[in-house]
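Visitor: Provided herewith is a single structure, encoded as structure tokens, for subsequent inquiry.
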Amino acid sequence: MHVLASDQETVIILIPKDLSHEDRMDTMREIKSFLLTYNKIYHFLKVGFYQVEVSFNKLIGTLLKIIYIEELDFGGNKIDLRIVISEEELLGIEVEDVIVGSTYYLYHNKLYLKEEDLTLATFLQLVEHARIVLSEEMRQVLKYGKKVLIPKKVL
């Protein structure tokens, strides 16, 4: 589990496992069980009602956007989750170091790799020292960024 972003109302979590099932109800049960189990350990959800937007990515797994909606009217110490399964998430990575032979997008003086240009091994190598970029921002990068190829060095 990797927390991508967190503030008072929203937490975005990356789970490096595909939690999707053929039956959507099985998927929702597994995600609910996952969140409640981890919350018992890490206490990252306060009492209240949440909407959990779930998307999947073939490269990295499951992405959860947990949005705090409100306190529960009936009181108590309960956490209620509304699970919403959405489409596949487009991802990219903002990198600091370049890999020769790769195609990047230059946007606001930063380099980005799009998901299609990444292998799982490359992603795992870069993710520790890079920032994962989600759909909205990655669409901006692809639309307005300049495509740059870093050629392989020839000796």
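The values are calculated or read from the model by the stated rules, or taken from the named source; none is laboratory data. Nothing here was measured: the structure is a model prediction, and the numbers come from that model. Cβ atoms come from the backbone with ideal geometry, glycine included; neighbour counts cover every protein chain shown. All accessible areas refer to the heavy atoms of the entire protein, side chains included, with ligands and DNA or RNA removed. Shrake-Rupley method; radii C 1.70, N 1.55, O 1.52, S 1.80 Å.
Visitor: If we sort 4-15, 111-122 on the protection proxy, mean other Cβ atoms within 10 Å, highest first, what's the order?
Guide: 111-122, 4-15
Visitor: Given H placed 1.01 Å from N in the peptide plane, which residues other than close sequence neighbours of ARG131 have an amide H under 5 Å from its amide H?
Guide: Counting only residues 5 or more places away or on other chains, the set is GLU94.
Visitor: Now a separate question. Give the calculated FRET efficiency between ASP73 and LEU36 to the nearest 0.05, with a Förster radius of 25 Å applied to their Cβ-Cβ distance.
Guide: Details: r = 20 Å, r/R0 = 0.82.
E between ASP73 and LEU36, to the nearest 0.05, is 0.75.
Visitor: Also, quick follow-up: Could you give the accessible area per residue of the chain, probe 1.4 Å, as a whole number in Å²? Can you show the working numbers first?
Guide: Working: 10060 Å² over 155 residues.
Per-residue accessible area for the chain comes out at 65 Å².
Visitor: About its Cα centre, what dipole magnitude does the range 21-155 give when the only charges are +1 on Lys and Arg Cβ and -1 on Asp and Glu Cβ, stated in debye to the nearest 20? Walk me through the numbers on the way to the answer.
Guide: Values: 18 positive and 21 negative charges, 91 e Å.
Charge dipole, the range 21-155, about its Cα centre: 440 debye, nearest 20.
Visitor: If you don't mind, another one. Give, in nm to one decimal, the length gained when the segment between ARG82 and ASP26 is fully stretched (0.36 nm per residue of separation minus the Cα-Cα distance). Could you put the intermediate results ahead of the total?
Guide: Details: separation 56, 0.36 × 56 = 20.16 nm, distance 1.42 nm.
Stretched out fully, the ARG82 to ASP26 stretch lengthens by 18.7 nm.
Visitor: With the full set of protein chains in place, find how many percent of the accessible area of the chain is carbon and sulfur; take the probe as 1.4 Å. Walk me through the intermediate numbers first.
Guide: Values: 5190 of 10060 Å².
Looking at the chain in its full context, I get 52 percent from C and S.
Visitor: Right, another one. Using the Kirkwood radius over Cα pairs, work out the Stokes-Einstein diffusion coefficient for the range 87-155 at 10 °C and 1.306 mPa s, in µm²/s as a whole number. Don't skip to the answer; put the middle values down first.
Guide: Working: Rh = 12.3 Å.
Answer, rounded: 129 µm²/s.
Visitor: Shifting gears a bit: Taking just the alpha-carbon atoms of the range 1-57, what radius of gyration and Dmax come out, in angstrom?
Guide: That works out to 11.6, 34 Å for Rg and Dmax.
Visitor: Follow-up. Cα convex hull of the chain: mean projected area in nm², to one decimal? Mind dumping the intermediate values first?
Guide: Values: hull surface 44.3 nm².
Mean projected area of the Cα convex hull: 11.1 nm².
Visitor: Relative contact order of the chain: what whole-number percent is it, with Cα pairs under 8 angstrom and at least 6 residues apart? Walk me through the intermediate numbers first.
Guide: On the way: 264 pairs, mean separation 31.6, N = 155.
So the answer I get is 20 percent.
Visitor: Please work out how many pairs of lysine residues in the range 1-118 are eight or more positions apart (or on different chains) and have Cα atoms closer than 21 angstrom.
Guide: Within the range 1-118, the lysine pair count is 17.
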